[in-house]
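Step one of this worksheet: look at the structure below.
The values are calculated or read from the model by the stated rules, or taken from the named source; none is laboratory data. In this text, all values refer to a predicted model and were calculated from it rather than measured experimentally. Glycine also receives a Cβ, built like all others from the backbone with ideal geometry; neighbour counts cover every protein chain displayed. Surface areas here come from the heavy atoms of the whole protein model, side chains and all, with no ligands, DNA or RNA. Shrake-Rupley method; radii C 1.70, N 1.55, O 1.52, S 1.80 Å.
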Amino acid sequence: LPFNRSALPGGFVLHPTPQTRDSHPARWIVLQGPNLVLCEQGDLRQLPQGALPSELLLTFPPLAFASWQGQQLLVTAISSQTTLPEGLVAEPFNALRELIPADLMTIAGIGKQLLHWQQMSRFCSRCGGQPHQLADSWGKKCPDCGSEHFPHIHPCAIVLIRRDDQLLLIRKPEW
């Protein structure tokens, strides 16, 4: 899965396959449409930890995909209509002002990709069967037709170059 390895914080471990949720306190990646829900403490933004507020009705079961500093990382989604309780703020992934630190953006990006994969791979794209998780892989295999499916990797580089109130836009010469 593509991500900015240099922006990953120390102690981050991506699991080779989805894990079962353990009973220990976890850190959460909560997605709300195109936004990442974070705890707001002044100018500081952090991932929520421990139990999520009961007002947050999850639209997808939590997915345990990694650990960070010994805590399980869970990713889930809530409705874009959900009003966030005090202390939580939704920050856009593509904000003009960078309010999400690079390490959290990278971890959240990985979680977002894997949650999207889990949502989109519930049925076999070849026959409509229900694929089973492959051992030690994010891939799945359909018991009906034998097809194996893996997360789609679409590496790209997106860079925003600013100078005062100007933005530099470029494209590939072949286009």
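Histogrammed with a bin width of 10 Å, the alpha carbon distances of the range 116-175 distribute as 19, 32, 13, 19, 14, 3 percent, first bin at zero.
On the accessible surface of the chain, probed at 1.4 Å, how many percent belong to carbon and sulfur atoms? Summing carbon and sulfur atoms, their accessible area is 53 percent of the total for the chain.
Reducing the range 16-51 and the range 113-165 to their Cα centroids gives an inter-centroid distance of 21 Å.
Based on the reciprocal of the average 1/r between different C-alpha atoms, the Kirkwood radius for the range 1-63 equals 14.1 Å.
The loop-placed GluC sites (Glu not before Pro) in the range 1-108, going by DSSP, that have at most 13 neighbouring Cβ atoms within 10 Å of their Cβ come out as E55, E86, E98.
Based on DSSP H segments of at least four residues, each scored -39500 (n - 2.57), the chain has a per-residue ellipticity at 222 nm of -3500 deg cm²/dmol.
Looking at the range 1-66, the DSSP beta bridges with both ends there are about 100 percent antiparallel.
Over the range 36-115, the Kirkwood radius and the radius of gyration, each from Cα atoms, give a ratio Rg/Rh of 0.92.
Within a straight-line Cα-Cα reach of under 18 Å, K140 can be paired with the following aspartates and glutamates, leaving aside sequence neighbours fewer than 8 residues apart in one chain: E148. With N counted as the residues of the range 28-175, its alpha-carbon radius of gyration over 2.2 N^0.38 Å works out to 1.24. Rolling a 1.4 Å probe over the protein heavy atoms gives the chain an accessible area of 64 Å² per residue.
For the chain, the Cβ-based charge dipole about the Cα centre amounts to some 500 debye (Lys, Arg positive; Asp, Glu negative; other atoms uncharged).
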